[in-house]
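Only one structure is covered here, and it is reproduced in the block below.
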Amino acid sequence: MAVLQKIRNRGVLLVSAIAIALFLFVIGDLLRGGEGLINQSKQTVGEINGSKVSIQDYQTLFEEFQVWQEIAQQKTSSSEDENNQLKDMAWQTYVQNQLIEAECEKLGLSVTDEEVADMIRLGASQLLQVPVFANQQTGRFDYAQLQMFLSEYKKLKDGGEQVPEAYEKIYKYYMFAQKQMRSQALAGKYQALLAGCVMSNPVEAKMGFDARSTESEVLLVSLPLSTVADDKVSVSDDEVKAKYTADKEKYRQWVETRDVKMIDVAVTASEADRKAMEDNMQEIYTALAAAQGTTDAGNVVRQNSSLYPYSDTKKQKEAFPQMIASHLEGDSTAVAVGQTMKPTYDAMSNTYYTFKVLAKVTEPDSVLFRQLAVIGKDEKDADTKADSIVGALTNGADFKALAKKYNQQGDSAWIATAQYQQAALDADNASFVNTLYAMQKGEVRKLKFTNGNTVILKVEDQRHPVTKYNVAAVVKELRFSDDTYSTAYNKFSSFVAANPTMEQMEANAEKNGYTVRPVNDIPSSQHNIAGIHNTREAVKWLYDEAKPGSVSQLYECGDNDHLLVLSLTGINKEGYTSLEKAAEGIKQQLINEKKIEKLLADNKGVNSIAAAQKIQGAVVDTVSHITFANPTFVSATMASEPAVSSAASKTQKGQFAGPIKGNNGVYMLQVLDKKTTDAKYDEKAELAQAANTNFRYVSQSLLNDLYMKANVKDARYKFF
C-alpha cells in the first residue's frame, strides 16, 4: 500500500517523465528520418515527373555510354569536352526515354521480348553494326558471331573461370544495346502513333514543290539600319514596358540560372620562358642538322618529346602539320632535301618547330600486294624456307597455291598512303611499308623483322604516283614555367586579398592589369564557365553556397593555366525574366523597328530600281537562286530575310518590288531572271515529304511540351 501511495503522490511527475521519454523517442525517429532524407538528397542527380534519379543509376548509365563509345566508336580516350558531351548524351537519352515511357504506359504501348529478339536476329539496329559482332568477310552484323560470343561468355561464367575484361566489356555493350533498342522501338511506336495524326494534302504538296523549284535572280538594294542615326528615333520606358507585356512569353525562363561578374587570368609564357624555349630549340636544330640518316634524326625527335612523332616512312605533304607542309615545296621558303629549317614560332598553334627533310621521292599512292608468313623450326630453317619460296615465286609459281601449302590464304590487298601516314609506326611496320612501296610491280622480296619473323611480299599492282617526303620534325608547345605560374598566382592572390568585394575589384582591376567582365544566365548544367575548362567547383559554389554580392575563393582551373574569381550578381529563378533585365534588349529591338518604319516612310515613293540605287547609304548587289522555300541571306545587313524571298517569288521578271520591310533593314529589288529547276513533280513523294516535315515539327513540339510538364531538375553539377 505504501508503494501505491508513493506512486499516487508522484503521479504527475511520472506522467511528465513518460511524456518526455515518448517525445524524445518520436523526435529521435523524426531526426533519423530527416537524416535519411538529407542523405537521399545528397544521392540525387535529378528529378523527372517527381521521381528522383539516383547518382548510382546515372553513373551506371554514363558508364554504359562509355562502353558504347569504346566499342561502337572505337574510341578509348576522350578529352574533357568529349567526356562532358557523353555525360550530356547519357542524361538527355535517359530523360527522353523516361518521358516517352510514361506516355506509352498511359497509351498501353510496349515492346515485347520477342520483338527485341527479332530485331537482334535481323541486325535491325545500328547499335549491332560493330566490329565485335561483324562477319569478317562482309563487315556486317552476323547473328552467328553474336551467338558464338554469348555461348563462350556463358561457358566462362558458368565454369567459374575469370572472364577476361574485354569479354565483360563486350557483354556490357550487348546488354546496353538491348536496352537502347527497346527504348528506340518504343519511341518508334509512339512516333508512328503521332504520325497517324499528321496529314498533308495535294495543295500543300504542290505549293511546297513550287516553293523549292522556282528560282529568282534579283538586283537587290539594301538600306541597313545603320543608315538611320540613333538620335533620329527614341523609345520611352512605357513603350518598353508595353512591348515586354505583349511578348512576355518570349521571356519565359525554364531553368534557374546565375549571373556573375568575374576576373579570369590566363597564365601565359613570359619573355624568360620564350627565351629558354628559343635556346632549347636552337640546340635541337643543331642536333637535327648534324644527324646522319633516319635513325639519328628519329632519335633527336624522340629524345626531345616532339608533339609530332617521327616514323621512318615517306608521306604526302598533306600529312604534315600546316606550318611544316607550307615549307616542303613551292616558293623560296621551301626546304631542300638534307636541309634543316631554322627554329620558327607558329602563333596559330603556339608552338616552336624545326625539321629536316631526309628524302623526297615519287612513289605510288597505293599498292596491291600479297604476303606469306614463313615459319620454321628455328631462324636458319625459316631463312632456308623463305629463300626457297622467293625462288619459286620468282620463277612463276602461283602465290595462292603456295600459300595454301603453308595453310595461309595469300589473298591480295590494297594499301594506300592515307592508311599509314597519320600513324606513329614502329620500326617493323615502317620497314614493311617502305619495302612495299620501294618494290616494282611483279617483284618478290623477303622481309625479316626485328623479332625474327619473316614474311614474303609480292607487289601485284601500283596506282597514282605522288610526291612523298621523309621528314623528321621537332614541334614543342610554348608553355609557361612553374616560376611564371607562381608569379601570376601570387600577384592575383594578393590582389584578391586586398580587394575582398567585387566593387573594390572593379575599382582597382584595370590598374593591376585585370578585367572584370559579366557573364549572365549560367545554368547548373553548364560544364565550363565562359568556356574555361574545369570550373565545376565554381558552378557548385554558385548554386550551393553563393549569395548575391558574395565573392568566391580563387580557383585554379582551365588546363592548369587559368586563375578565376567570381562574384554572384543575380539569381534568375524559373519563370519570367524581369522587365529590368530584359529592358535593354527590348529597347534595342524597338529602336530597330522604329528605324525600319522611318526607312519605309522616307522611301515610300521610290518605284524604280534606278531611283533606289541613288538613295544615300544604299548597298546594291545581285543575288541568285532565291526560292520561296528558303529565306534570303543578305550580306549587306548580315540577316536572313524571308520577306525578300517572298517578294522575289511573287514579282514577275523585269518588275520592281519595294520598299520591303525586313528584319535588319528595308529592301527594294528588280527581278532579273526567273527559272524553274529540272526537278519533276512527284505528288506521292511530295505528300510524304510534307507529312514528314509536319510530323517533325509536331514531334519536337510535343517532346518539348512533355519536358516542360515533367518539371525536369538537373543537379548533376553536384557530382560531375
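Return yes or no: is TYR310 surrounded by 12 or more Cβ atoms within 10 Å (Cβ to Cβ), part of a helix (DSSP H, G or I) and among the hydroxyl-bearing types (Ser, Thr, Tyr)? For TYR310, the condition - surrounded by 12 or more Cβ atoms within 10 Å (Cβ to Cβ), part of a helix (DSSP H, G or I) and among the hydroxyl-bearing types (Ser, Thr, Tyr) - is not met. When restricted to residues that are of a type in the set (A, V, I, L, M, F, W, C) and either open to solvent by 70 Å² or more (accessible area, probe 1.4 Å) or in contact with a Leu (Cβ under 9 Å, 6 or more places away or on another chain) (or both), segment 160-185 contains 5. Take segment 186-225 and flag every residue that is of a type in the set (Lys, Arg) and out of contact with any helix residue (DSSP H, G or I) (no Cβ under 9 Å at 6 or more places or on another chain). Scanning segment 186-225 gives a single hit, ARG212. Suppose we keep only residues that are over 24 Å from ILE529 (Cα atoms), in a loop (DSSP other than H, G, I, E, B) and of a type in the set (S, T, N, Q) within segment 74-133. Which one would you say is least open to solvent (accessible area, probe 1.4 Å)? The qualifying residue least open to solvent (accessible area, probe 1.4 Å) is SER125.
Taking the criterion of being surrounded by 16 or more Cβ atoms within 10 Å (Cβ to Cβ), modelled with pLDDT under 95 and not small (Gly, Ala, Ser), the only residue of segment 635-650 that qualifies is THR637. When restricted to residues that are in contact (Cβ under 8 Å) with a residue 24 or more places away in the chain and either out of contact with any Cys (no Cβ under 9 Å at 6 or more places or on another chain) or open to solvent by 10 Å² or more (accessible area, probe 1.4 Å) (or both), segment 533-542 contains 6. Annotation note: of ASN84, ASN97, the sole residue that is of a type in the set (S, T, N, Q), in contact with a helix residue (DSSP H, G or I) (Cβ under 6 Å, 6 or more places away or on another chain) and modelled with pLDDT of 90 or more is ASN97.
For (1) of a type in the set (Ser, Thr, Tyr); (2) closer than 30 Å to SER349 by Cα; (3) free of Cβ contacts under 8 Å to residues at least 60 places away in the same chain, each residue gets a yes or a no:
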{"position": "MET181", "(1), (2), (3)": "no, no, no"}
{"position": "ALA211", "(1), (2), (3)": "no, no, no"}
{"position": "THR214", "(1), (2), (3)": "yes, no, no"}
{"position": "SER222", "(1), (2), (3)": "yes, no, no"}
{"position": "LYS241", "(1), (2), (3)": "no, no, no"}
{"position": "MET262", "(1), (2), (3)": "no, yes, no"}
{"position": "GLU271", "(1), (2), (3)": "no, yes, yes"}
{"position": "ASP279", "(1), (2), (3)": "no, yes, yes"}
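Residues of segment 214-239 that are more than 21 Å from VAL619 (Cβ to Cβ) and under 39 Å from the mean Cα position of the chain (by Cα): THR214, GLU215. The set of residues in segment 281-298 being under 26 Å from THR484 (Cα atoms) and free of Cβ contacts under 8 Å to residues at least 12 places away in the same chain consists of GLU283 alone. What pairs come out if I take residues in segment 543-558 that are more than 18 Å from VAL516 (Cα to Cα) and pair them with residues that are of a type in the set (A, V, I, L, M, F, W, C) and open to solvent by less than 20 Å² (accessible area, probe 1.4 Å) whose C-beta lies under 8 Å away, six or more apart or interchain? Sorted first by the residue in segment 543-558, then by its partner, the pairs are ALA546/LEU568; LYS547/LEU568.
Residues in segment 404-416 that are of a type outside the set (Lys, Arg), farther than 16 Å from GLU460 by Cα and either assigned to a strand (DSSP E or B) or open to solvent by 90 Å² or more (accessible area, probe 1.4 Å) (or both): ASN407 alone. Set side by side, the residues LEU307, LEU328 differ, and just one is in contact with a helix residue (DSSP H, G or I) (Cβ under 8 Å, 6 or more places away or on another chain) and either more than 16 Å from PHE355 (Cα to Cα) or not basic (Lys, Arg) (or both), which is LEU328. When segment 677-720 is filtered for residues that are of a type in the set (Asp, Glu), closer than 16 Å to ASN49 by Cβ and outside any helix (DSSP H, G or I), only ASP714 remains.
When LYS356, LYS317 are checked against the criterion of being charged (D, E, K, R), open to solvent by 50 Å² or more (accessible area, probe 1.4 Å) and within 26 Å of LEU436 (Cβ to Cβ), a single residue qualifies: LYS317. Of all residues in segment 464-515, exactly one satisfies the criterion of being open to solvent by less than 70 Å² (accessible area, probe 1.4 Å), among the charged types (D, E, K, R) and either assigned to a helix (DSSP H, G or I) or more than 30 Å from ASP365 (Cβ to Cβ) (or both), namely LYS476.
Here TYR437 meets the list (1) among the hydroxyl-bearing types (Ser, Thr, Tyr); (2) within 16 Å of TYR420 (Cα to Cα); (3) surrounded by fewer than 18 Cβ atoms within 10 Å (Cβ to Cβ) almost entirely, failing just condition (3). If you go through segment 652-672 and keep only what is in a strand (DSSP E or B) and open to solvent by less than 50 Å² (accessible area, probe 1.4 Å), you end up with ALA657, GLY658, PRO659, ILE660, GLY665, VAL666, TYR667, MET668, LEU669, GLN670, VAL671. Restricting attention to segment 187-207, the residues being open to solvent by 30 Å² or more (accessible area, probe 1.4 Å) and closer than 30 Å to LYS674 by Cα number 7. If the condition is being open to solvent by less than 70 Å² (accessible area, probe 1.4 Å) and either under 16 Å from VAL116 (Cβ atoms) or of a type outside the set (A, V, I, L, M) (or both), then segment 143-159 contributes GLN145, LEU146, PHE149, LEU150, SER151, TYR153, GLY159.
Identification of strands (runs of 3 or more DSSP E) wholly contained in segment 541-640 with 3 or more residues that are within 37 Å of the chain's Cα centre (by Cα) and closer than 20 Å to HIS527 by Cα yields 555-557, 562-572.
Condition test on LEU447, is it surrounded by 17 or more Cβ atoms within 10 Å (Cβ to Cβ), free of Cβ contacts under 8 Å to residues at least 60 places away in the same chain and assigned to a strand (DSSP E or B)? It is true that LEU447 is surrounded by 17 or more Cβ atoms within 10 Å (Cβ to Cβ), free of Cβ contacts under 8 Å to residues at least 60 places away in the same chain and assigned to a strand (DSSP E or B).
From the list GLU556, GLU545, which one is under 21 Å from ALA715 (Cα atoms), surrounded by fewer than 16 Cβ atoms within 10 Å (Cβ to Cβ) and of a type in the set (Asp, Glu)?
From the options GLU556, GLU545, the qualifying one is GLU545.
Among the candidates LEU328, LEU368, the residue that is more than 27 Å from GLU443 (Cβ to Cβ) and open to solvent by less than 40 Å² (accessible area, probe 1.4 Å) is uniquely LEU328.
Residues in segment 349-403 that are assigned to a loop (DSSP other than H, G, I, E, B) and of a type in the set (Gly, Ala, Ser) were compared, and the one that is modelled with the lowest pLDDT is GLY376. Might you let me know whether segment 255-274 holds any residue that is of a type outside the set (S, T, N, Q), open to solvent by 40 Å² or more (accessible area, probe 1.4 Å) and modelled with pLDDT under 95? Taking every residue of segment 255-274 in turn, at least one turns out to be of a type outside the set (S, T, N, Q), open to solvent by 40 Å² or more (accessible area, probe 1.4 Å) and modelled with pLDDT under 95.
Take the conditions (1) aliphatic (A, V, I, L, M); (2) in a helix (DSSP H, G or I); (3) more than 25 Å from TYR420 (Cβ to Cβ); (4) touching a residue at least 24 places away in the same chain (Cβ under 8 Å); MET323 misses just one of them, which is (3).
The values are calculated or read from the model by the stated rules, or taken from the named source; none is laboratory data. Please read all numbers here as calculations on a predicted model, not as lab measurements. In this analysis, Cβ positions are derived from the backbone assuming ideal geometry, glycine residues included, and neighbour counts consider all displayed protein chains. Accessible surface is based on the protein model in full, side chains and every heavy atom, while ligands, DNA and RNA are left aside. Shrake-Rupley method; radii C 1.70, N 1.55, O 1.52, S 1.80 Å.
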